[in-house]
Amino acid sequence: MNRTWISRSLCILGLVGVSLLAGYSTSAIAQKPEEAAPKATARSQRLPNHYSGVVSDEQRDKIYAVQKEFESRIEEKKAELRAIVAERDKAIESILSPEQLQVVERLRAEAAAKRKARAKANAQSKAKSKDAA
């Protein structure tokens, strides 16, 4: 008798779950795309680490506004930093002899090829696991 009761309970729970999911999916479909889009774009931003469980929706929006305000300045500084690093690297390379520079360039090319092969293998592995699922 216990098994029958458990089976019936699980069956009822499954039906309730399917009903809830069906109701949720139809309400999501019934929404107009322009209503759903602003939430998706606003939530696509990221909060700083450890903030998500602490801040309110209002604070979240204010944080996103601050992030947007600083974004262009940060990108400018990143570009400036990349230029400085490139200048430093040229100065370092100018210290090397032509033979040494050739060795370094060969090593860089080999490392890039390994990274590319590893990325390709990872992509294939992900594709296989998707197909298996």
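Computed quantities for the displayed model
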item	result
Sites GLU87 and LYS114 - FRET efficiency at Förster radius 25 Å, r taken between beta-carbons, to 0.05	0.35
Cα-projected label distance for HIS50 with GLU99, points at 7 Å along beta-carbon direction, nm	5.4
Loop-located chymotrypsin sites (Phe, Trp or Tyr not before Pro) in the stretch 42-133 whose Cβ has at most 15 other Cβ within 10 Å (DSSP)	TYR51
Fewest-first ranking of ILE84, ILE63, using other Cβ atoms within 10 Å as the exposure measure	ILE84, ILE63
Span from the the stretch 105-133 Cα centroid across to the the stretch 54-95 one, whole angstrom	28
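All of the numbers you see were taken from the coordinates with simple rules; none came from a lab. The model shown is predicted, which means the values in this text are computed figures rather than measured ones. Glycine gets a Cβ as well: all are built from the backbone with ideal geometry, and neighbour counts include every protein chain shown.
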